[in-house]
Amino acid sequence: MKIKNVYIIGLILSSSIPVFGQTTTQLLQKGMAALGNWENVTHFEYETKRINIDQWQGYDFAHPLPENDRFHLFFDIKNNRFLHHTQNHYPGGYLFDTYRLGRDSRYYVYDGIGSRTGKDLLDLGSKPFNGRKSALLNSFPYFILKQLLQETQGTSVLTEGNDWVILKKTEAGNEEYRLDKKTFLLKKITKGQGKDTIVQRYEDYTQTHGLMTARKSSLERNGNLVYADSLALFKYNEAMPDQAFNFPPGYQATTEKTPELSAKIIAKDVYLIENIDADRNIMFINMGDYIVLTEAPLAPAVTRSILDVIHTALPGIPVKYVHLSHFHNDHIAGIAEAVKEGAAIICTEDMKQPVMQMLQNTDPIYNTHKVDFLTFKQKKTLESSQKKLEFYEIPNSHAKGMSFLYLPEEKLIYQGDLLSLPADAYLTPSIAVTQEFSKFLSQKKITFNQIIGHHGLSVIPKKTFEEVNTMKNIGPLFKNTFEQ
Ligand SMILES: [Zn+2]
């Protein structure tokens, strides 16, 4: 009897009840009114401090730590333009200082400190403009509800506990919107996206001259925090610096290059494939009766396109080994394609767990299938009658278990994320992980003429490496006088 009661109560609490007499239209209009007169906003400025946790981009896969980032936005609704500036930190001293500018119905991206894409002003054209614009606006409750009003007209409202609940079916999965019963403020959105559940929360609303904004907002994926924002600034309809939407002085307008991939010989039996997904370079070595490849970037389809180029350049020779420099997902997410062809993975022992996890995420078959690993600590040598390869594990602050490849005869190094220079060769002072790399090379007395970079500039002469290591920090390349 007792059990039955508990069961009944549980059932009532966990299911939402339709509310008679109130439609989503009425509820959403109340929800929008509760946020204030947003329809009178012609322009606004918004900034948050963002805590971001990304297990696949942290230092230690087993212990992801938060990074402190910044999110800043100027939005000029009246003149249909925006400037979105983010500063994202990654271990080892990396700072991605990215500006996304929408104006004249075109979308542009540039790097404020020049360390990543140099002085390129990337013109992405008119196609992505509207998508970016609505994605930015739809991170604010008012615009979310406004959009929802158009999509869910007349459907019934549910109630559960202290919430009003609106359900919406989409192709990607179901969406649930929760508004507070008393205040009518939007507090939670849950979206099913394939096998993932995304939860967006808005909490601790505050009023600025009649408009409500959430002081805390966050995003979770499958119960894990992706980011948490704390409001740092919100202003609207106040004077906005017009120069915020100017093009950065001294930058070179470019368009995205996605040339057809091809293999280039850089030494006997040593090949380079450049500009993979615009920004990446990989190397492969013909050892005689097998091939060694460096990295498996971005996604299975990207690594597949790399393997296709290799098989065209060296038909009939199998890719026997893939060296993965570190566990970050942009370097290993395509590994299943190489494993499918029978390749074994060369990496440090510390990397085995995340690499296995990536394989299992890509294809559940790897929960049971055996994967061949050649793991090592400190140093591993691979030798054939015609080539000698050395792999060095390097203590560093970017990713635990990082290693790089050295070809002693060619005096050539291939590395991922120890040294990354922009493709336009604009130089900025080296970051911590690059200094650690330089120190390690001199300690081990590794002599080299060239370094191949996974990101950006592919072939880096020794002289350039020395130059960035001795450069003094001169501050930001592009001074944002219009930002606070
Ligand atoms: Zn990395």
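Counting only lysines at least 8 places from Lys370 when in the same chain, those with an alpha carbon closer than 27 Å to its own are Lys195, Lys320, Lys340, Lys352, Lys379, Lys380, Lys400.
Solvent-accessible surface (1.4 Å probe) assigned to Asp163 amounts to roughly 20 Å². Taking Cβ atoms as reference points and 10 Å as the exclusive limit, the residues near Lys168 contribute a net charge of -1, counting Lys and Arg as +1 and Asp and Glu as -1.
Residue separation of Glu171 and Lys472 scaled by 0.36 nm, minus their Cα-Cα distance, works out to 103.1 nm of gained length. Of the listed residues Glu47, Glu467, the order by accessible area with a 1.4 Å probe, largest first, is Glu467, Glu47. Applying 0.36 nm per residue to the separation of Leu374 and Ala239 and subtracting their alpha-carbon distance, the gain on full extension is 42.5 nm.
Take Lys377: with every protein chain present and a 1.4 Å probe, its accessible area is about 130 Å². Carbon-plus-sulfur accessible fraction, the range 18-254 (probe radius 1.4 Å, protein heavy atoms only): 49%.
Only helices enter the 222 nm calculation for the chain: every DSSP H run of n ≥ 4 contributes -39,500 (n - 2.57), and dividing by all residues gives -6000 deg cm²/dmol, rounded to 500. Full extension of the chain segment joining Ile17 with Lys257 gains 81.1 nm, where the gain is 0.36 nm per residue of separation less the Cα-Cα distance.
Within the full protein context, the accessible area of Ser115 is estimated at about 40 Å² for a probe radius of 1.4 Å.
Summing +1 for each Lys or Arg and -1 for each Asp or Glu, what net charge is found among the other residues whose Cβ lies under 14 Å from the Cβ of Arg215?
Once all neighbours under 14 Å are counted, the net charge is +1.
Determine the distance separating the Cα centre of the range 336-403 from the Cα centre of the range 108-152; give it in Å without decimals. Distance between centres, Cα-based: 37 Å.
The lysines within cross-link reach of Lys187, meaning a Cα-to-Cα straight distance under 20 Å and a gap of 8 or more places when in the same chain, are Lys30, Lys49, Lys146, Lys168, Lys169, Lys216. Largest first, the residues Ile198, Ile266 sort by 1.4 Å accessible area into Ile266, Ile198. Classified by the C-alpha gyration tensor, the range 188-289 has an oblate form. Its axis ratio a/c, with a ≥ b ≥ c, is 1.5 or above, and a/b does not exceed b/c.
The values are calculated or read from the model by the stated rules, or taken from the named source; none is laboratory data. Just so it is clear, the structure is predicted and the values come from calculations on it, not from any experiment. Please note: Cβ atoms are built from the backbone with ideal geometry, for glycine as well, and neighbour counts cover all protein chains shown. Just the protein is used for accessible areas: all its heavy atoms, side chains included, with ligands, DNA and RNA removed. Shrake-Rupley method; radii C 1.70, N 1.55, O 1.52, S 1.80 Å.
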